[in-house]
Amino acid sequence: MKINVGYELVYDFPHPTPVILVLTVHFSRAADIIISDMLVTEPRVPVVPYRDLFGNYCSRILAPAGRVRISANGIVSDTGDPDVYEPNACQHAIEDLPSDTLVFLLGSQYCDTQNLSDLAWSLFQDLPPGWMRVQGICDFVHKRIQFGYEHARPTKTASEAFNEAKGVCRDYAHLAITFCRCLNIPARYCTGYLGDIGMQPPFGPMDFSAWFEVYLGEQWYIFDARNNVPRIGRVLIAQGRDAGDVPITHTFGPNVLVSFKVWTDEVMS
């Protein structure tokens, strides 16, 4: 299948403001890109691309004072298959893990493992290690947190999400990631496009989505505590330790987000 992905962000800046944008489809999907999701600004300004420490494609701009529109529109090829289900994927001993996975065992800005370690072991130590333990974590988080955009807060940590039992997709991901790390399972945060392909209506408002990946059985697997079912048509944008590593935009000055639109739709031939 083909998926049309894109966004439109409109800001008001009181004065020229540097901005970092993490909005480009991930390099792992490069072979699937049919029409590139090239970042466009109105008014036009120079866009400086670079790769961050996790390999994500990023862009730098100096937004001028006034109203600025940032947008992209691309088409990506996709298999149309749901997320992989591999219940026999095993958990690795820490000493057997590849070195580049070890950073995803550590606490981070929003994944405060030091506050949830005892709780994680008390809740999940009796589950079989590996896939079934991670799925048990997802089941728990899915039931624990009540979804609602009104519950969003950019400073919310995993332990706060647990205590408040309310949040958005990033809070589900942060809490599940933190539990996994407490149980010695490497887990990393993912952001990207996820539409309603293959789902039954009614559909919610479209937004960028957050999920996570864990390292089991010598590879990374997708898990999604918010939806908690295999989904079709994920298009990855970025990966990191948590949302602090991969903000959609990071603005270095005051601004007002005037409007925000995201789309991800199957292209019907």
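The values are calculated or read from the model by the stated rules, or taken from the named source; none is laboratory data. In this text the structure is predicted, and so the values were computed from the model without any measurement. Here the Cβ is made from the backbone with ideal geometry for all residues, glycine too, and neighbour counts use every protein chain on show.
Restricting the range 223-267 to residues that are assigned to a loop (DSSP other than H, G, I, E, B), in contact with a helix residue (DSSP H, G or I) (Cβ under 9 Å, 6 or more places away or on another chain) and hydrophobic (A, V, I, L, M, F, W, C), the residue that is nearest to residue 72 (Cα to Cα) is 243. No other residue among 60, 51, 69 is surrounded by 12 or more Cβ atoms within 10 Å (Cβ to Cβ) and either closer than 23 Å to residue 243 by Cβ or at pLDDT below 95 (or both) apart from 60. Restricting attention to the range 134-146, the residues that are buried (at least 16 other Cβ atoms within 10 Å of the Cβ) and not in a helix (DSSP H, G or I) add up to 1.
Being in a helix (DSSP H, G or I), within 27 Å of residue 165 (Cβ to Cβ) and assigned by TED's automatic domain parsing to the domain that holds residue 188 holds for only one residue in 117, 108, and it is 117.
When 209, 269, 259 are screened for being more than 30 Å from residue 93 (Cα to Cα) and buried (at least 22 other Cβ atoms within 10 Å of the Cβ), only 209 passes. Of the candidates 76, 25, 84, the single residue that is part of a loop (DSSP other than H, G, I, E, B), touching an Asp or Glu at 6+ places or on another chain (Cβ under 6 Å), aliphatic (A, V, I, L, M) and in contact (Cβ under 8 Å) with a residue 60 or more places away in the chain is 25. Among the residues making up the range 205-222, a single one is closer than 25 Å to residue 152 by Cβ, out of contact with any helix residue (DSSP H, G or I) (no Cβ under 9 Å at 6 or more places or on another chain) and in a loop (DSSP other than H, G, I, E, B): 206. Being small (Gly, Ala, Ser) and outside any loop (DSSP other than H, G, I, E, B) is the filter; apply it to the range 120-133 and report the residue that is surrounded by the fewest Cβ atoms within 10 Å (Cβ to Cβ). Restricting to residues being small (Gly, Ala, Ser) and outside any loop (DSSP other than H, G, I, E, B), the top hit is 122.
Tallying residues that are on the phi < 0 side of the Ramachandran plot and at pLDDT below 95 within the range 162-204 yields 9.
Here residue 183 does not qualify as under 25 Å from residue 35 (Cβ atoms), in contact (Cβ under 8 Å) with a residue 24 or more places away in the chain, touching a Lys or Arg at 6+ places or on another chain (Cβ under 8 Å) and surrounded by 16 or more Cβ atoms within 10 Å (Cβ to Cβ).
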